[in-house]
Ligand SMILES: Nc1nc2c(ncn2[C@@H]2O[C@H](COP(=O)(O)OP(=O)(O)O)[C@@H](O)[C@H]2O)c(=O)[nH]1
Ligand SMILES: [Mg+2]
């Protein structure tokens, strides 16, 4: 099988409404021969299609809901799958409206790369739209690689001069966010120029097509090379041959590796024990690594429970952390309320002690002193937790450095959080 | 900086599904696993064994039975549950018809859409708060929009315009009383992934999935099976064709495709070359309307 070599690339679209995100995804799938003929037929007969006679509205490949088609907008993320011989792709089409930012954050949290689209014909003196900045900010905050696509080049007659203006603006945005050397590709999502294959429409453009850029991303860091982290999902009781029942811990290795005989630390007390067995359904392993779902047995009765994390020797816990938050709930933050912080499999009572700053999306400046947090705000906060949580930094370990806040009254997911430091 | 795991494709999907199954069991009071005997639910059940053995499964199997099953599927369902020693709950659409909660235009009308009613009745009767299903995002454009943990309100309805955010793999399984979750561990699997996994794991399937000779009639693009509930119409020519099923659903809306693929390897080869989507090639229930699946899901369907 070629499976051994295929790498997984998860892409999310980003950028303002109507800049061509859904059309681009449809175009990528269409030109990669990832659409089935009945799906193409369904597109050509689709109600509400915006395409001219005989043409396809490719945005409908992912805008699959009735109300999305009727309104000509994307409301929620759609997931599509396709593979080239070297790469298997998950493409996630996100909505551009500010109102649906939480859905974009949902899509981005499940992606490795963001394609931030800009409509080349709608910039005034190079000024980017607020949503373009917001989405680029979110994508970068969530640790995604950012690639820019300057779309609708046909509407500016593939003018190199206009492209360069947009490019300048995108480079300025990148510098202010700390994105280094982003690829910036001029495209026409509707016709496919520079999307899958490089087009002769822009002889001045020397770079690769958008799909090539996406495919040739650097590999990044192997999660197996990070410190060992294992959030316990459930405790397994097996009545072995011995008199006492044996307890195992079922879960998925978030990062690092583990071998039989390794010393691990259990929970915030960091009680040490050794791994005695590593089991899957039908195998006993001597070693396992990031991504694998296994059951671990320890030499001592350590009394771990769901929510505890088994870690390698390098780990620290804290009661107070500094974290980036994307507020996702219609209900604004209520300083009197407690929120559950869900990190790995743990759910711990917490409260936001203070808002250090909120980002102003117009100029990306950090606004201090505002003690309100509402829908779509991106903020830096100080959190206090009832019991200590693992203090992994999101940029070092996205698996354990990420958390969500849940409003225990409504059960809504109120915020996405990323640990930046301890107090 | 981006991060990656070096697990192989199928191992990654398998491990993710096991993780989701364990989250679903840990975060619910009274879950059930939808098991119809079809290939996706057979894969889901196999993954559940991997997630929970040597313990018993922490949930019963649930089948919403239209009573219009192809030959061998009910037997396969019952034998599988018996072999594994797991509890099987069957919710009959027929019982809903008797109760009057399902009214059909005619006795032989399709019972496919009625499944939502029977499903919701089963949820209420048994107090299920979470149902594991084998649906995949690549099946349909409405499914492509759905969360892994898909929240349903007190009426069992899916509201695609206000889904809960779903960040990373941190699933929030919290509910108010009366609401439920549908959880889809195979969300990120494609049809080809399913078949290559069935091959690798040697998962047993009903014989219908393999090429066999069957009486069919031509109906537009489909070969419609001739069965007790879908007899040939007056003057329709019944042909005996070599066919197999790509999906197994209700007899009134599921069609086979012409194929001589008699083993999994041949099915995989065919799947790789297919130019028709799985549901497009086989499901008449989706052809009724462009948004057929979305509308069924809004009403509480899987
Ligand atoms: N002229 C032109 N129109 C485009 C291009 N890409 C997208 N569009 C059109 O822009 C409109 C918005 O596209 P859509 O994909 O829905 O944008 P989204 O809101 O970002 O997903 C549609 O009418 C598209 O056909 C392009 O490259 N050139
Ligand atoms: Mg869109």
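Could you list all residues from the stretch A:215-233 that are more than 10 Å from chain B (Cβ to nearest Cβ) and either under 16 Å from the mean Cα position of the chain (by Cα) or part of a helix (DSSP H, G or I) (or both)?
A:215 - this is the single residue of the stretch A:215-233 that is more than 10 Å from chain B (Cβ to nearest Cβ) and either under 16 Å from the mean Cα position of the chain (by Cα) or part of a helix (DSSP H, G or I) (or both).
Which residues, counting only those in the stretch A:52-62, are assigned to a loop (DSSP other than H, G, I, E, B) and either under 29 Å from residue A:219 (Cβ atoms) or away from ligand 1 (no atom under 12 Å from the Cβ) (or both)?
Those that are assigned to a loop (DSSP other than H, G, I, E, B) and either under 29 Å from residue A:219 (Cβ atoms) or away from ligand 1 (no atom under 12 Å from the Cβ) (or both): A:53, A:54, A:62.
Examine the stretch B:252-262 for a residue that is crowded, with 19+ Cβ neighbours inside 10 Å, within 14 Å of chain A (Cβ to nearest Cβ), under 24 Å from residue B:193 (Cα atoms) and modelled with pLDDT of 85 or more, and state whether such a residue exists.
Yes, the stretch B:252-262 contains at least one residue that is crowded, with 19+ Cβ neighbours inside 10 Å, within 14 Å of chain A (Cβ to nearest Cβ), under 24 Å from residue B:193 (Cα atoms) and modelled with pLDDT of 85 or more.
Take the residues of the stretch A:140-168 that are in contact with a strand residue (DSSP E or B) (Cβ under 7 Å, 6 or more places away or on another chain), part of a helix (DSSP H, G or I) and free of Cβ contacts under 8 Å to residues at least 60 places away in the same chain: which is surrounded by the most Cβ atoms within 10 Å (Cβ to Cβ)?
Among residues in the stretch A:140-168 that are in contact with a strand residue (DSSP E or B) (Cβ under 7 Å, 6 or more places away or on another chain), part of a helix (DSSP H, G or I) and free of Cβ contacts under 8 Å to residues at least 60 places away in the same chain, the one surrounded by the most Cβ atoms within 10 Å (Cβ to Cβ) is A:153.
Please indicate, with yes or no, whether at least one residue in the stretch B:226-241 is within 14 Å of chain A (Cβ to nearest Cβ) and either surrounded by 19 or more Cβ atoms within 10 Å (Cβ to Cβ) or assigned to a loop (DSSP other than H, G, I, E, B) (or both).
No.
Give me the residue from the stretch A:1-19 that is in contact with a strand residue (DSSP E or B) (Cβ under 7 Å, 6 or more places away or on another chain) and within 11 Å of chain B (Cβ to nearest Cβ) and, out of that set, nearest to ligand 1 (Cβ to nearest atom).
My answer is A:10.
Here are some conditions: (1) modelled with pLDDT of 95 or more; (2) within 16 Å of ligand 1 (Cβ to nearest atom). Residue A:109 meets all but one. Which one does it not meet?
Just one mismatch for residue A:109, condition (2).
Given the stretch B:100-190, what strands (runs of 3 or more DSSP E) lie entirely inside it while holding 2 or more residues that are touching a helix residue (DSSP H, G or I) at 6+ places or on another chain (Cβ under 8 Å)?
Fully inside the stretch B:100-190 and qualifying: B:130-132, B:180-183.
So, of the residues in the stretch B:263-302 that are away from chain A (no Cβ under 13 Å) and part of a helix (DSSP H, G or I), which turns out to be surrounded by the fewest Cβ atoms within 10 Å (Cβ to Cβ)?
Out of the qualifying residues, it is B:269.
Table: residues versus (1) touching a residue at least 60 places away in the same chain (Cβ under 8 Å); (2) within 14 Å of another protein chain (Cβ to nearest Cβ); (3) crowded, with 16+ Cβ neighbours inside 10 Å.
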residue	(1), (2), (3)
A:354	no, no, no
A:376	yes, yes, yes
A:387	yes, no, no
A:398	yes, yes, yes
A:415	yes, yes, yes
A:419	yes, yes, yes
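For residues that are touching a strand residue (DSSP E or B) at 6+ places or on another chain (Cβ under 8 Å) and free of Cβ contacts under 8 Å to residues at least 24 places away in the same chain, scanning just the stretch B:197-225, find the one that is surrounded by the fewest Cβ atoms within 10 Å (Cβ to Cβ).
B:218
Residues A:32, A:49, A:37: which one is within 13 Å of ligand 1 (Cβ to nearest atom), over 22 Å from the mean Cα position of the chain (by Cα) and either within 9 Å of chain B (Cβ to nearest Cβ) or surrounded by fewer than 21 Cβ atoms within 10 Å (Cβ to Cβ) (or both)?
Within the list A:32, A:49, A:37, the selection yields A:49.
Here are A:247, A:271, A:252: which of them is surrounded by 19 or more Cβ atoms within 10 Å (Cβ to Cβ) and not assigned by TED's automatic domain parsing to the domain that holds residue A:153?
The unique qualifying residue is A:252.
Given the residues A:190, A:122, which is the only one that is more than 21 Å from residue A:11 (Cβ to Cβ) and within 16 Å of ligand 2 (Cβ to nearest atom)?
Residue meeting the stated conditions: A:122.
So how many residues does the stretch A:67-85 have that are more than 10 Å from ligand 1 (Cβ to nearest atom), closer than 21 Å to residue A:114 by Cβ and more than 18 Å from the chain's Cα centre (by Cα)?
3
Which number in (1) within 15 Å of ligand 1 (Cβ to nearest atom); (2) over 23 Å from residue A:96 (Cα atoms); (3) within 27 Å of the chain's Cα centre (by Cα) marks the one condition that residue A:22 misses?
(2)
So residue A:17 ticks every box in (1) within 15 Å of ligand 2 (Cβ to nearest atom); (2) assigned to a loop (DSSP other than H, G, I, E, B); (3) within 17 Å of residue B:144 (Cα to Cα) but one. Which box is left unticked?
Result: residue A:17 passes all but (3).
Quickly run through the stretch B:11-44 and pick out the residues that are in a helix (DSSP H, G or I), more than 7 Å from chain A (Cβ to nearest Cβ), closer than 23 Å to residue B:195 by Cβ and in contact (Cβ under 8 Å) with a residue 40 or more places away in the chain.
B:13, B:14, B:16, B:17, B:20, B:21, B:39, B:40, B:41, B:42, B:43, B:44, listed by residue number.
Return the residues of the stretch A:169-194 that are part of a loop (DSSP other than H, G, I, E, B) and touching a residue at least 12 places away in the same chain (Cβ under 8 Å); say none if nothing qualifies.
Start the filter on the stretch A:169-194 by keeping residues that are part of a loop (DSSP other than H, G, I, E, B), which leaves A:178-183, A:187, A:189-192, A:194.
A:178, A:179, A:182, A:183, A:187, A:189, A:190, A:191, A:192, A:194, listed by residue number.
Could you check the stretch A:63-115 and list, in sequence order, the residues that are without any contact (Cβ under 8 Å) to a residue 60 or more places away in the chain, within 9 Å of chain B (Cβ to nearest Cβ) and assigned to a helix (DSSP H, G or I)?
A:66, A:67, A:68, A:69, A:103, A:106
Being over 19 Å from residue B:164 (Cα atoms), in contact with a helix residue (DSSP H, G or I) (Cβ under 7 Å, 6 or more places away or on another chain) and near ligand 2 (Cβ under 10 Å from one of its atoms), is that true of even one residue in the stretch A:39-59?
Scanning the stretch A:39-59 turns up at least one residue that is over 19 Å from residue B:164 (Cα atoms), in contact with a helix residue (DSSP H, G or I) (Cβ under 7 Å, 6 or more places away or on another chain) and near ligand 2 (Cβ under 10 Å from one of its atoms).
The values are calculated or read from the model by the stated rules, or taken from the named source; none is laboratory data. What you see is a predicted model; the values in this text were computed from it and never measured. Cβ atoms come from the backbone with ideal geometry, glycine included; neighbour counts cover every protein chain shown.
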